[in-house]
Each structure stands twice: as C-alpha cells, then as structure tokens.
Amino acid sequence: MTSALSASDAAIGLLLTHVIPAFSVQYPQIELDLAAQGALVDITAQGFDAGIRLIEDVPQDMVAVPLGGPLTFVTVAAGAYLADHPPVQHPQDLQQHQCIRQRLPSGKRYRWEYQRQGESLEMDVPGTLTLDSNALMAQAAISGLGIAYLPLPYASAGLANGQLVELLAEWRVQSAGIALWFPPNRHQSMALRLFIDALKTYLPYYS
C-alpha cells in the first residue's frame, strides 16, 4: 500500500519529527511518497491522495481535516546580530533592521503579522535577503543575516540552544494550524485512512 501526499516543507518537517517514525513502525507495509511543494497544486491531476497545508491555504471546495491545533509564529534573530543593531521593542522598530523576507508560492512577499491587546499590524518589512523556505530562513537567522519570522517549530531548536533570541514575544500571532485535505466524494485508500489516524494521534499542539 502506498499513500502519496503533496505538502509544504514545513508540514513534512513536522511529519518527519512527530508522525512518521511511529507510523513506520506500526505499519511497515505502507509506503509514504511525500512531495515538498511550495505552491498549491491540483492534487488530483498530479496523482496525489491528499495535500497538507496551512488551513487558510486549503482550497474552499476541498474536505479539510485539521491537524495538531494552532501554529504560533515567532520573530527571532541571532544574539550576534542583535548586539550590533538597535533594540526591537515594537514591530515598527523592524523598519530599521535587516529582515529575512519570505516569498510566497504566489510570488508575493509575505507581510509579517502582529497582534497585542486588540492592536493588529501587518508589515512589509525591509531587507536585502528573500527566501521561500522556512528552514532556510531559520538557517539565515542563525547565521546572523537578519531577523526572521517563522513558525515556532522551525525556531524551537535555535531558541533552546541559544542560537536564536525571540523578539516581540508579546506580539505573537497564531494561525489556525495545518490540515490534510482531499477532494470531496473521493474514495480514500486504506493507507490514507490509517495515515490520517496517525496524524491525529501523534501531531502535537503548538502554542
């Protein structure tokens, strides 16, 4: 049995850490074919059983199965970068910094989002480096190239070992999290049904 899924690199990173090790032990006969794709694709036309993306990116005509709860976004930088630049006490202070910007699959740059006590901001931050991968953005921040805005799972290791420092913690925002999605009225294979059960069991909640 095989299950083929299209997912963002962020989603596949979560699966490799939290789901696939246990799933592979429990169901060694099931093959998983995971394609890391930044852009949304027609999963039916490309032969995938399902896709995994942020819930807000799932096409509205698809069946979505939420996984793992909310996903927190954090603003981080290396201590060496911060030592040589002005302090960041408010999101507007980012305008005086090198920010590691993100290119979305649509081609647009992602606007950083902040919320605190009813105040909301959405910013096109300045910077000379733009990437389309959360993993590469985390690496660039650790290398001292600027400030990055990342899903918490990508920053957690760097924060834990001191390679990264969180900024603007009181301004954190959450997305609805990730979801597995597939076309309505489409037969689900046994492999996919078992994998969905494993996702619900093993994916942690990020807060």
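The values are calculated or read from the model by the stated rules, or taken from the named source; none is laboratory data. From a predicted model like this one, the values you see are computed outputs, not experimental measurements. Because the Cβ atoms are built from the backbone with ideal geometry, glycine has one as well, and the counts that use them run over all protein chains shown. Note: accessible area is taken over every heavy atom of the protein model, side chains too, but ligands, DNA and RNA are not part of it. Shrake-Rupley method; radii C 1.70, N 1.55, O 1.52, S 1.80 Å.
Using heavy atoms of the protein chains and a probe of 1.4 Å, the accessible area assigned to Met1 is about 100 Å². So, in nm, how far is label Ser143 from label Gln115 when the simple model puts each one 7 Å beyond its Cα toward the Cβ? Each label point lies 7 Å from its Cα, and together they span 3.4 nm. Residues of segment 41-71 falling in the label zone of Ala160, defined by backbone nitrogen less than 20 Å from a point 7 Å along Cα to beta-carbon, are 68-71. The heavy atoms of Arg172 present about 90 square angstrom of accessible area, all protein chains included, probe 1.4 Å. Mean-square fluctuations from a GNM of the chain, with a 10 angstrom spring cutoff on Cα atoms, peak among Gly51, Gly107, Gly38 at Gly107. Of all beta bridges that DSSP places with both ends in the chain, some 65 percent have antiparallel geometry. Taking the alpha carbon gyration tensor of segment 2-96, multiplying each eigenvalue by 5 and rooting it gives semi-axes of 35, 18, 12 Å, largest first. Placing a label point 7 Å from the Cα of Asp61 along the Cα-to-Cβ direction, the residues of segment 173-189 whose backbone N falls under 11 Å of that point are 184. Spin-label pair Asp132-Gln46: with each label point 7 Å from Cα along the Cα-Cβ axis, the two points sit 1.1 nm from one another. Please label the shape of segment 117-156 as rounded, prolate or oblate, based on the square roots a ≥ b ≥ c of the eigenvalues of the alpha-carbon gyration tensor (a/c under 1.5 means rounded; beyond that, a/b larger than b/c means prolate, else oblate). Judged from the Cα gyration tensor, segment 117-156 comes out oblate (a/c at least 1.5, b/c at or above a/b). Given +1 at the Cβ of Lys and Arg, -1 at the Cβ of Asp and Glu and no other charges, the dipole of the chain around its Cα centre is 100 debye to the nearest 20. Taking the centroid of alpha carbons for each part, segment 1-47 and segment 172-189 are 13 Å apart. Residues in the chain average 50 Å² of solvent-accessible surface per residue, probe 1.4 Å, ligands and nucleic acids excluded. In segment 1-119, the DSSP beta bridges split such that about 20 percent are antiparallel, to the nearest 5. Solvent-accessible area of segment 1-58 (1.4 angstrom probe, protein heavy atoms only): carbon and sulfur portion equals 54 percent.
Distances between every pair of Cα atoms in the chain, grouped in 5 Å steps from 0 to the bin holding the largest one, split as 1, 7, 15, 18, 18, 14, 11, 8, 5, 2, 1, 0 percent. I'd like the carbon and sulfur percentage of the solvent accessible area for segment 124-176, probe radius 1.4 Å, heavy atoms only, ligands and nucleic acids excluded. Percent of accessible area from carbon and sulfur atoms in segment 124-176: 52. With a ≥ b ≥ c the root eigenvalues of the C-alpha gyration tensor of segment 78-177, is it rounded (a/c under 1.5), prolate (a/b larger than b/c) or oblate? Rounded, because the longest to shortest axis ratio a/c is under 1.5.
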